[in-house]
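Worksheet for the structure shown next.
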Amino acid sequence: MNEAMAAGEVVARQRAFFDAGETRSVGMRIESLRRLERALREAREEVLGALGEDLGKPGIEAFLAEYQFLLEEIRLVCGSLERWLKPRRAGSPFYFLPCRNRVVPEPHGVALVMAPWNYPIQLSLGPLVAAVAAGNTVVLKPSELAGASGRLLERLIGKCFAPEHVAVVTGGVEVAEELLDAAFDFIFFTGSTEVGRLVAEKAARRLVPVVLELGGKCPCVVDRTADIGTSAGRILIGKLFNAGQTCFAPDFVVAHEEVREALVKEMACLLEKLPWEEEMARIVNARHFGRLRGLLAGREIRKGEDDEGRLHLAPRILPDADWGDAVMKEEVFGPVLPVLGFSDVEELIGRLRGYSSPLAMYVFSRDEGFVETMMAGVRSGSVCVNDTMKQACNLDLPF
Ligand code: NAD
């Protein structure tokens, strides 16, 4: 984007393009997404490099969760778009006959996509692909906390789209605020609950529809019938992927008192065995590093040492955590796993209901009745049984 151009001008230019009907052509939408796909394929090393620079992501994590995931998403969208856009026939009351009705999907107009830093490429381009496919023009605002990814996105988008169709605007909070005051027709925001609230307030003032993809505390419940070895491994891998900086990562574990100790022992063993020091992303910045350190209290089982210079926070389990601890008052968003205990299911459900609905709940159990009770008792965006994270990485499931 031209740096001197104000948010209002960017929107005005995109609105003129939209109003001229340029994005009506489904062929044009698919062609531009194919261009993005090709550019991404060519930029594979740059994508992995930027994610390494911003977050120290191990290559395999960056490849799977950002690069490959996006390519699959583009393929799905391009392959399904014509079908998704087909007008749907609708019935009529008999006294209107012989009239005919159709429901036709329409674009909103000029869309704003605001992205966070934790999956800075995937969470920027995923919503952007959807918005382009739906026939909107798009302004993308990547997170200022993932600078290398932001610069790469600017280059990639500049190569694949005319700026009146899709533009990247980089910058910090002031830029974000300026954008939120501009006349967008739709806002897709991914980020924290606090900023989400500000976004919703601004959108409400203009009566603009908004999607908020926020965070929360995703519980992981381990029943006494669970396979403890399997549960321990799957919880730890889910937690430590991207150093716990995943919105649907298991935030904390509540284990039945009969298995709590055995579970902690298994997880401690895996923590010791696996190469988390070389194979784990780092904390995004010093502020989050300090915030996470501030959540630590009581006994901990830790692998390695913290290194503030490298922003490496040693992964740890807090085996004696309690509901009143600071770590249970906010989304952890780091490689720190509090473990609590329960013996009464109703009481557990009451506790979990005390938090606002999370994106995911993980239930480890071999007792179907227990799983049903948890699903009926606790509201969450998704539920994954005897595993973590997979439900959110499956394009055949809604997220
Ligand atoms: P954030 O809310 O700090 O930032 C997100 C975006 O908002 C950035 O582009 C930033 O520039 C902008 N922003 C920041 N402060 C602003 C302000 N005062 N006014 C206007 N805009 C502002 O979030 P983050 O720290 O980048 O991301 C972490 C959070 O995102 C976690 O809570 C996580 O759970 C959540 N998240 C949710 C999803 C999901 O799909 N639901 C995915 C990833 C992350």
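A few comments on the model shown:
- Matching option when the condition is open to solvent by less than 40 Å² (accessible area, probe 1.4 Å), of a type in the set (Gly, Ala, Ser) and within 23 Å of residue 331 (Cβ to Cβ), among 226, 200: 200
Here's the yes/no breakdown for (1) touching a strand residue (DSSP E or B) at 6+ places or on another chain (Cβ under 9 Å); (2) within 12 Å of the ligand (Cβ to nearest atom); (3) open to solvent by 10 Å² or more (accessible area, probe 1.4 Å):
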{"residue": "142", "(1), (2), (3)": "yes, yes, no"}
{"residue": "145", "(1), (2), (3)": "no, yes, yes"}
{"residue": "157", "(1), (2), (3)": "yes, no, no"}
{"residue": "163", "(1), (2), (3)": "no, no, yes"}
{"residue": "173", "(1), (2), (3)": "no, yes, yes"}
{"residue": "177", "(1), (2), (3)": "no, yes, yes"}
{"residue": "185", "(1), (2), (3)": "yes, no, yes"}
{"residue": "190", "(1), (2), (3)": "yes, yes, yes"}
{"residue": "195", "(1), (2), (3)": "yes, yes, yes"}
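- Of all residues in the range 202-255 being touching a residue at least 12 places away in the same chain (Cβ under 8 Å) and at positive phi, the one that is farthest from the ligand (Cβ to nearest atom): 243
- Verdict on residue 232 being modelled with pLDDT of 95 or more, open to solvent by less than 40 Å² (accessible area, probe 1.4 Å) and not hydroxyl-bearing (Ser, Thr, Tyr): yes
- Condition check for residue 199: within 11 Å of the ligand (Cβ to nearest atom) and more than 19 Å from residue 128 (Cα to Cα): no
- Just so you know, in the range 239-289 the residues that are outside any helix (DSSP H, G or I) and of a type in the set (Gly, Ala, Ser) include one that is nearest to the chain's Cα centre (by Cα), and it is 249.
- For beta carbons closer than 6 Å, sequence separation of 6+ or different chains, a first residue in the range 258-285 that is more than 22 Å from residue 246 (Cα to Cα) and a second that is open to solvent by 60 Å² or more (accessible area, probe 1.4 Å) and modelled with pLDDT of 95 or more, the qualifying pairs are 258/224; 259/224.
- Of all positions in the range 123-137, at least one carries a residue that is more than 9 Å from the ligand (Cβ to nearest atom), free of Cβ contacts under 8 Å to residues at least 60 places away in the same chain and surrounded by fewer than 19 Cβ atoms within 10 Å (Cβ to Cβ).
- Candidate set from the range 335-383 (those that are in contact with a Phe, Trp or Tyr (Cβ under 9 Å, 6 or more places away or on another chain) and of a type outside the set (A, V, I, L, M)); member that is most open to solvent (accessible area, probe 1.4 Å): 351
- Where helices (runs of 4 or more DSSP H) fall wholly inside the range 31-94, the ranges with 3 or more residues that are open to solvent by 20 Å² or more (accessible area, probe 1.4 Å) are 44-55, 69-85.
- Single unsatisfied condition, residue 257 versus (1) surrounded by fewer than 17 Cβ atoms within 10 Å (Cβ to Cβ); (2) more than 26 Å from residue 367 (Cβ to Cβ): (2)
- Number of residues in the range 203-223 that are farther than 14 Å from residue 254 by Cβ and open to solvent by 10 Å² or more (accessible area, probe 1.4 Å): the value is 13.
- Among the candidates 268, 286, 281, residue that is within 16 Å of the ligand (Cβ to nearest atom) and either of a type in the set (Lys, Arg) or farther than 22 Å from residue 216 by Cβ (or both): 286
The values are calculated or read from the model by the stated rules, or taken from the named source; none is laboratory data. Bear in mind that the values here come from a model prediction, so they are computed numbers and not experimental data. Cβ atoms come from the backbone with ideal geometry, glycine included; neighbour counts cover every protein chain shown. Heavy atoms of the whole protein, side chains included, go into the accessibility calculation; ligands, DNA and RNA do not. Shrake-Rupley method; radii C 1.70, N 1.55, O 1.52, S 1.80 Å.
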